[in-house]
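Data first, discussion second: the structure below is written as structure tokens.
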Amino acid sequence: MAKDLVCNMEVDEKTAKYKTIYQGKYYYFCAPGCKKSFEANPQKYIGGNSSSQNCSCSHDNC
Amino acid sequence: MTALSKNGLDQVKRKKDSSEGKQYMSREKNKKITLNIGGMSCINCSLTIEKALSKLNGVKHATVNFAAEKAIIEYNPDLVDQKTIENTVVEAGYRVIHEKIMLQVGGMSCVNCAQSIEKALNSKEGVYNATVNFATEKVSVEYNPEQISLAGISKTVQDVGYQVIEPEKTVQDAEGKERQRHIQRLKILLTASVALTIPIILLMWFPVLPKEQNNILMFILATPVQFIVGWTFYVGAYKGLRNKTTNMDTLIAMGTSTAWLYSTAVTFAPSTFPGAGVFFDTATMIMSFILLGKLLDAIAKGRTSEAIRKIMGLQAKTARVIRNGLEQEIPIEEVQVGDIVVVRPGEKIPVDGIVTEGYSAVDEKVITGESIPIEKKSGDQVVGATMNKTGVLKFKATKVGKDTVLAQIISMVEDALSSKAPIQRLADIASGYFVPIIIITATISALAWYFITGATFIFALTVFIAVLIVACPCALGLATPTAIMVGVGKGAENGILIKNGETLEAAYKLQTVVFDKTGTLTKGEPEVTDIIPTEAFKEDQLLQLASIAEKNSEHPLGEAIVKKAKAKGLQIDEPDIFNALPGYGVEVGHKGTKILLGNRRLMEANNLDIGSFEVKMKELEEEGKTAMLLAVDTQLAGLLAVADTLKEHSGDAVKTLQQMGLEVIMITGDNQRTANAIAKQLGVNGVFSEVLPSEKSTEIKRLQSEGKVVAMVGDGINDAPALAQANIGIAVGSGTDVAIETGDIVLIKNDLRDVVVAIQLSRATMKKIRQNLFWAFFYNIILVPLAAGAFYPILHVLFNPVYAAAAMASSSVTVVTNASLLRRFRPKI
């Protein structure tokens, strides 16, 4: 399982609908909002200081 | 000049009024003008202008009305002039709007008349610039409507002695009728003149009566020719004198009058001239020949403006519009923007608009020169004056009146006609001095023959008349305008609009042609150029997979792939999952498989080895193409390449220009590799790559600083500054959506071969102008001395004044005919 770095949710790489590549590495997301936030400022999320407060998605369990 | 004479007037007035008190005086001293201002977007702008104007020394008060877009300035003309005031407005970043009007003037018999009208108009207050085209009989006036009215302009022209044909009626019909009337009048005069001349010649050779009575009979026949048929020459000469100028009429009136006066004197006082003969035949034959020349001239002039009149006659007269749910036919002038217009097959489209309903083929040849009809459906643009061929079209009018493409083309063509090639100025200066010099030459040579060499009085008189008659300022005046008229008309017929005479001269000296790449040499949108699948896939299959992957992409490269798949009739499924991977490509899920489409790095990120495809990919990139790899799940499926491709005729155009001895350069904002790849395909002489749009004009300037005469070819929108900087800016349109204001030459068709045609046509026109000017000068330089008897000591023949008249008549006909030969121009491409 991979982690949505934006909202810290667990995402399955095999079924994940939203993903992007940054510096040659895939990142997976729970929703388009998270993907957008990540692409806008990837450095902010891959630094590791992610928190659920940053979630911009509309997922219930987010 | 204007300001100066005005000042003088004001001073005189002030002196006169000084007794009436101080207040009145100060009011007299200041002048008030109103200017129409353009370019103001807000009230702040009007304040800017006010402030700038108030700072000027001599401006007492300046108010700018933002809503009315007018500036009212009170100033002291002793301290500041109108030009400075206007310049200040322009320097502040705004425009002073000058109105322009084209008047049809009747009664101009020679180029000197044109000059006297110009002189009179240009000295009027409120007139910025007036140019008269003698060949088209049109006066173009740039003026400030706040200072001088249209009626005032007409009056000025009438005061110098010419008729103004109502400006509203300047349409082709009135012009054609006026010309016909003129030709008709000349025919009547010529017939009368010939009818009286023949018996005079017979009486000269076969006198039926004794000498004295015979002379009286000839006097009776010749006098009506001299004063009724020849009246127009006296009128012309008188008009000239009143404006302190001389013209061809002066020469003819003087020459024939001399012959008539001498003959009359011999007739009635034979004892004073013992043994002298009369030559009434000379005067009347001169009249006949000159009238014949004028008639041929008028006919040939009509022919040179044929193409122009054809364009002006293109507009439909009525339009069928739907108003209040009813279809009704109304005059074209009443069509308004937003009206729904109905056009049946075989009818002309009346105004410009956008199709709302229907489907048809429209023949746009009259505007674009393109002979194949264009299909029109809802949403497409239609242009006034084009012909609806097959179906009923309903369209919404978007441009009417003087905003239509046709109206703009007409006004551009008219502007071109009233412009002068710089070379013409030489002829203008020469013709200003021409007539006085001829009169002096005639007098001096006659006196010299009589007093110095002791020739007979008749000999001296013959010389005097011959010199006056043979000289022809008309050929000089007609040389340029007739050629421009034919050249510009020919261009307009082919969808090539040439804006002015300077362009023609610059085209003649052209050395370098710079083409913008994207959208000018190339189509401006990427196209799929290569599809290379692996063994496991077919070409169409690869394209189909790629189009599914790109179906939801907004990237231009993706759009090119989808377009190509659609063109091939492939079915494009909606993907289940779509992920755009910025900087890498796209990844989609489709029926359980994963499709990857993107660059090398996308494949690397998925641990896919591109192996042998690397070589092919490099090759495509060297050609300036963008190569994309496609993989299905974990298997590489192939390679697709996309590139902006050349327009069909770009190569031909470049090659022909080079054959014409021109250097061809390509300019682009693209990177060097892509630029070089395209440049190699075209075989251009040079490439300027990675040039920012704003730097294009700097590059043109640099070429010019090397002493080159440069033409720039671009789309007229993005390249406007570069087009303006170049010696000739050539704006390439796309069909009927033309930006006519930009460029010295506007190509309506999106076909670069027209660049070649435009340059060839300009050169051909310029060549005609030069030929004409050469012949006009050469003719006078050879024939005036011949008439003066300069070759008499060697040849022992004297130039008969009758031959002089024939030669003079034929010279201007030759010039006009030579110009109309340009109608046979065929481009070589």
Can you find a residue that is more than 30 Å from B:G302 (Cα to Cα), surrounded by fewer than 18 Cβ atoms within 10 Å (Cβ to Cβ) and in contact (Cβ under 8 Å) with a residue 12 or more places away in the chain anywhere in segment B:115-123? yes
State the number of residues belonging to segment B:645-663 that are out of contact with any Lys or Arg (no Cβ under 7 Å at 6 or more places or on another chain), surrounded by fewer than 19 Cβ atoms within 10 Å (Cβ to Cβ) and assigned to a helix (DSSP H, G or I). 4
Check whether at least one residue in segment B:283-300 is part of a loop (DSSP other than H, G, I, E, B) and either surrounded by 18 or more Cβ atoms within 10 Å (Cβ to Cβ) or modelled with pLDDT under 85 (or both), and report yes or no. no
All but one of (1) more than 24 Å from the chain's Cα centre (by Cα); (2) part of a helix (DSSP H, G or I); (3) surrounded by fewer than 17 Cβ atoms within 10 Å (Cβ to Cβ) hold for B:W449, so report the exception by its number. (3)
Name the residues in segment B:206-224 that are closer than 14 Å to B:G277 by Cα and either under 54 Å from the mean Cα position of the chain (by Cα) or in contact (Cβ under 8 Å) with a residue 60 or more places away in the chain (or both), would you? B:N215, B:M218, B:F219
For the list (1) surrounded by fewer than 19 Cβ atoms within 10 Å (Cβ to Cβ); (2) in contact with a helix residue (DSSP H, G or I) (Cβ under 8 Å, 6 or more places away or on another chain), I need the number of the one condition that B:L406 fails. (1)
Taking the options B:G598, B:G558, B:G592, name whichever one is within 14 Å of chain A (Cβ to nearest Cβ) and buried (at least 19 other Cβ atoms within 10 Å of the Cβ). B:G598
Filtered residues of segment B:527-560 (kept if touching a strand residue (DSSP E or B) at 6+ places or on another chain (Cβ under 6 Å), farther than 24 Å from B:I610 by Cα and part of a helix (DSSP H, G or I)): B:P556
Taking the condition of being modelled with pLDDT of 90 or more and not in a helix (DSSP H, G or I), how many residues in segment B:504-526 meet it? 7
Checking the condition in contact with a strand residue (DSSP E or B) (Cβ under 7 Å, 6 or more places away or on another chain) and more than 23 Å from B:E527 (Cβ to Cβ), which residue from B:A580, B:A605 passes? B:A605
Quick check on segment B:322-335: of everything there that is under 29 Å from the mean Cα position of the chain (by Cα) and within 25 Å of B:E375 (Cα to Cα), which residue is surrounded by the fewest Cβ atoms within 10 Å (Cβ to Cβ)? B:I332
May I ask you to verify whether B:I349 is under 27 Å from the mean Cα position of the chain (by Cα) and more than 25 Å from B:G491 (Cα to Cα)? no
In segment B:218-242, what residues are within 24 Å of B:Q158 (Cα to Cα) and buried (at least 19 other Cβ atoms within 10 Å of the Cβ)? B:V229, B:G230, B:T232, B:F233, B:G236, B:A237, B:K239, B:G240
Can you name every one of the strands (runs of 3 or more DSSP E) wholly within segment B:79-161 that holds 3 or more residues which are modelled with pLDDT of 85 or more and more than 24 Å from B:L251 (Cβ to Cβ)? B:127-133, B:138-143
Picked from segment A:19-36 (must be assigned to a helix (DSSP H, G or I) and either among the charged types (D, E, K, R) or buried (at least 21 other Cβ atoms within 10 Å of the Cβ) (or both)), the residue nearest to the other protein chains (Cβ to nearest Cβ) is A:K35
Could you check segment B:561-589 and list, in sequence order, the residues that are in contact (Cβ under 8 Å) with a residue 12 or more places away in the chain, under 25 Å from A:G24 (Cβ atoms), within 14 Å of chain A (Cβ to nearest Cβ) and not in a strand (DSSP E or B)? B:P575, B:G583, B:Y584
Among the residues listed as B:N552, B:N606, the single one being surrounded by fewer than 22 Cβ atoms within 10 Å (Cβ to Cβ), within 49 Å of the chain's Cα centre (by Cα), within 14 Å of chain A (Cβ to nearest Cβ) and not small (G, A, S): B:N552
Looking across segment B:695-747 at residues that are hydroxyl-bearing (S, T, Y) and within 24 Å of B:I409 (Cβ to Cβ), the single one that is modelled with the highest pLDDT is B:T742
Members of segment B:421-446 that are of a type in the set (G, A, S) and part of a helix (DSSP H, G or I): B:A427, B:A430, B:S431, B:G432, B:A442, B:S445, B:A446
Odd one out for B:I548, checked against (1) touching a Lys or Arg at 6+ places or on another chain (Cβ under 8 Å); (2) free of Cβ contacts under 8 Å to residues at least 60 places away in the same chain; (3) of a type in the set (V, I, T): (1)
I'd like to check which helices (runs of 4 or more DSSP H) are fully inside segment B:744-829 and have at least 2 residues that are in contact (Cβ under 8 Å) with a residue 60 or more places away in the chain and under 12 Å from B:A479 (Cβ atoms). B:753-787, B:801-820
Exactly one of these conditions fails for B:T626: (1) of a type in the set (S, T, Y); (2) in contact (Cβ under 8 Å) with a residue 24 or more places away in the chain; (3) within 24 Å of A:Q23 (Cα to Cα); (4) within 14 Å of chain A (Cβ to nearest Cβ). Give me its number. (4)
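The values are calculated or read from the model by the stated rules, or taken from the named source; none is laboratory data. Only a predicted model underlies this, so the values are computations on that prediction, with no experimental measurement involved. Reconstructed Cβ throughout: ideal geometry from the backbone, glycine too, with neighbour counts over all protein chains shown.
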